[in-house]
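The structure appears right after this line, and notes come after that.
The values are calculated or read from the model by the stated rules, or taken from the named source; none is laboratory data. Since the model is a prediction, treat every value here as computed from it, not as a measurement. Please note that ligands, DNA and RNA were not included when accessible areas were found on the heavy atoms of the full protein model with its side chains. Shrake-Rupley method; radii C 1.70, N 1.55, O 1.52, S 1.80 Å.
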Amino acid sequence: MAKIEKSIIIDAPVEKVFEFMVDPGNLPEIWPSLVEVKDVKQTPEGVGSSYRWVYKMAGMRFEGETETIEYVPNQKVVVKDKGGIEATRTVTFQPENGGTKYTTSAEYTVPIPLLGKLAEAFILRQNEHEADMVLANLKDRMES
């Protein structure tokens, strides 16, 4: 299982960053390889919210579903991805000097049977780069 963790300081209040990030419809705006989000179902308590997605990795198309399994307003969200890519992703939001320290971490399984062992290192590097891009895009979006 691969792991990734990244943080960034965003010059915007926690509430603003949290509100943007818990709306799955916003994700394709900042996540370059996330092609589509659909069938969004939001629960009042957050836990149990879900959406379907289409993601492109290494030129291949994957489809799946994400479900929120932990939800603490303005602090933490944990989601489980199922389907073409299996993952557990955690995001935390911490106040820092009037802004937000946003941290994202993920444990995921690279679909090696589809891609082959030789492609695994490439995919891991690509996902590191993708995470950096998501954070930079989120920062730009929240600070503009």
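Straightening the chain between L124 and K38 buys 28.3 nm, computed as 0.36 nm per residue apart minus the Cα-Cα spacing.
Over the chain, what percent of the accessible surface lies on carbon and sulfur atoms, probe 1.4 Å? Please list the in-between numbers first.
Numbers: 4050 of 7800 Å².
Looking at the chain in its full context, I get 52 percent from C and S.
Accessible surface comparison of R89, R52, probe 1.4 Å, protein chains only, largest first: the order is R52, R89.
By a 1.4 Å probe calculation restricted to protein chains, M133 has an accessible surface near 70 Å², given to the nearest 10. Each residue of the range 27-33 was assigned a 3J(HN,Hα) from its phi angle through the Karplus expression (A = 6.51, B = -1.76, C = 1.60, θ = phi - 60°), giving 4, x, 5, 10, 10, x, 8 Hz with x at Gly and Pro. Stretching the chain fully between K101 and R141 yields a gain of 12.9 nm (0.36 nm per residue, less the alpha carbon separation).
For the range 16-65, the direction-averaged projected area of the alpha-carbon convex hull comes to 3.7 nm².
For the range 1-125, report the accessible area per residue in Å² (1.4 Å probe, heavy atoms, rounded to an integer). The partial results should precede the final answer.
On the way: 6800 Å² over 125 residues.
Value for the range 1-125: 54 Å² per residue.
Can you give the alpha-carbon Rg of the chain over 2.2 N^0.38 Å, where N counts its residues?
Working: Rg = 14.9 Å, N = 144, 2.2 N^0.38 = 14.5 Å.
Rounded to two decimals, the normalised Rg is 1.02.
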